[in-house]
1. Ignore the peptide's own chain and count Cβ atoms of other chains within 10 Å of each Cβ in B:180-193; give me the average, rounded.
2. For A:K33 and A:L15, compute 0.36 nm times the residue count separating them, minus their Cα-Cα distance, and round to one decimal in nm.
3. Using the basic label-point model (7 angstrom from Cα toward the beta carbon), what is the B:Q203 to B:V126 distance in nanometres?
4. Could you name the lysines in cross-link range of A:K41, using Cα to Cα under 23 Å and dropping any fewer than eight places away on the same chain?
5. Other chains' Cβ within 10 Å of A:51-60 residues: what's the mean?
6. Using a 10 Å cut-off on Cβ atoms, rank the peptides B:181-193, A:47-59, B:39-51 from the highest mean neighbour count down.
7. Can you compute the FRET efficiency between B:T144 and A:H22 using 1/(1 + (r/R0)^6), with r the Cβ-Cβ distance and R0 = 30 Å? Round to the nearest 0.05.
8. Average partner chain C-beta neighbours within 10 Å, per residue of B:210-222?
Amino acid sequence: MSVPEGALVSVCVLLRDRDVLHARRVAGQELEKLGARSVKKTRFVTAVSEIGRNAVMHGGGGEARIYSQVHPPCVTVVCRDKGPGIADVDAALCDGFSTAGSMGRGLGGARRLCDQMEIETTVGKGTCVTMVARL
Amino acid sequence: MSETETSTVLSILRERFDAILDGWISTQSDEGVQRTDLFSHKEGREQTSSLLRAMITGIAEGDTGSRFDLSSEPWTELRTVLVDVTQERSARGVSPSDMASFVLALKGPIFFQLQELLADQAGELVEEIFFISRVIDAFAVYCTEVFIAERDRIIEQQRDQMQELSTPVVELWDKVLTLPLIGTMDSARAQEVMENLLETILQRQSEVVIVDLTGVQTVDTQVAQHMLRMASAVRLMGAECIISGISPTIAQTMVQLGVDVGEVTTRSTIRTGLADALNRVGYEIVHKAKQ
C-alpha cells in the first residue's frame, strides 16, 4: 500500500481488548471531526474493531496508526501485527472462515464496511491491514 | 563507590547533613512548595531527611557518573522513600509540579556547599554539579512517574467499578427480566453478565428476558456472538430471549458484517420488546379509559 493519506493523528498500541476500544474510539472521533454521518462512523468503527481485535487475538498484539485528511476528507487506519500471518487471504475473507471458533465474519465483514481495505501479509512475519473511510 | 564524580557531594552530605537539610527546607519554603498548610513542620522535616538519608545510601553504593541508573539495586531505598513521600503528598493534594519543585529544591543547598569547598577547583566543581544535577533531576522525573502510575491505578479501579455497576438484571414484571447493556462487551464482561442473567432466571422462574442494546454503540462480531450465545443459553433454560435496542445504524452494520441472528427475536426499541414480552406471559398493557 502506498503512504496513507493525511497526517498521523495517533498511534495506539494493541495488546488487550481495551486497546482496541481506544483505537476505534480515536478513529470514530476523527470521522466525527470531519463531519461524517453516524452510519458512516459506526461502519468504520466496527471495521476497525474487527481488524484491531484480529491483531490482538491472532497477531499477538500490534499497533494501529490513525491518519486523518481534510481535503479530500478521509480517515485511514493502518493496523499492523507481527503474528503468524494469514496463509490464504482469499479463504480468510470468506464468511464463516475461522481458526479460533469465532463467527468468521470479521475480515470479510470489515472489508464490506470500509471504502477501501488492503491486506498485506507474510506467513511467519505478520499482517498489515489498511482501512480507509472516505466522506 | 564505583565512580568518584560525586565524592565531594557525598562527603558534604555526610558531614553537613543538618546544614543541607535546613537549606533544602528553607528553599522549599521560599519556593512555596513546603505546604505547611498540609504538613506540619515536623512531618515535612521527617520526609525531607529520610529522602536525604536514602540519597546518601544511593550515592555511596551506586553509580552516579555516566552509568547512573535510578532503577538499579543501590537506589532501591531511595525509590521506596520517594514513592512513599510522593503518595503521601499527592493524597493530600500536592500537584505533580509542586512535588517536582520540592525535590529540585535540594539543588541549591548542595551547589552552595560545593562552591564553598571547591572554590578554587573550577573543573571539579562543574563536574560534581553536573553529575549531582542529573541524579536530582532523575528523582524529580521519578516522582512524576509515581504520580502517573497512581492516576493509572485509579482509572483502572474506576473502570472495574463501572463494569460492576452496569450489569444489573432487573425484574420488570412477573417472569419478565431485562438486562440493559451499556458500553462495551468484551469476553470477560460477557461471561459475567451471562452468569448473572442465568442465575436470576433460575431464581425468579422467568420466562422472558429482554436484552437491551440501546446503550451499546458498536456491535461487532464479538458482541454479536456473545449476544447469540446468551440467547441460546437462555433458551436452554426454557426461557425466551428478546434482543431490543437495535438502531437502524447497528442493523445496517450487522447486515454488512454478515451476522445472522437466526431465530432470535429482535426489536428496535425496549418499548416494543416489553409489550412483546408481557404478551408472551399473558399480560397486556391497556389504557384505563378504554377498558
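1. On the way: counts 0, 0, 0, 1, 7, 1, 6, 2, 1, 1, 0, 0, 0, 0.
Per-residue shielding by partner chains comes out at 1.
2. Working: separation 18, 0.36 × 18 = 6.48 nm, distance 2.67 nm.
Once the chain is fully extended between A:K33 and A:L15, it gains 3.8 nm.
3. For the pair B:Q203/B:V126, the computed spacing is 7.5 nm.
4. List returned: A:K33.
5. Values: counts 1, 1, 4, 0, 0, 0, 2, 0, 0, 0.
Counting Cβ atoms of other protein chains within 10 Å of each residue's Cβ and averaging gives 1.
6. On the way: B:181-193: 17.5, A:47-59: 26.2, B:39-51: 15.5.
Packing order, densest peptide first, comes out as A:47-59, B:181-193, B:39-51.
7. Details: r = 23 Å, r/R0 = 0.75.
Efficiency at R0 = 30 Å is approximately 0.85.
8. Values: counts 0, 0, 0, 0, 0, 0, 0, 8, 10, 3, 17, 13, 9.
Mean shielding count: 5.
Computed from the coordinates by the stated procedures, all read-outs in this text should not be read as laboratory data. Computed from a prediction, not measured in an experiment: that's the story for all the values here. Reconstructed Cβ throughout: ideal geometry from the backbone, glycine too, with neighbour counts over all protein chains shown.
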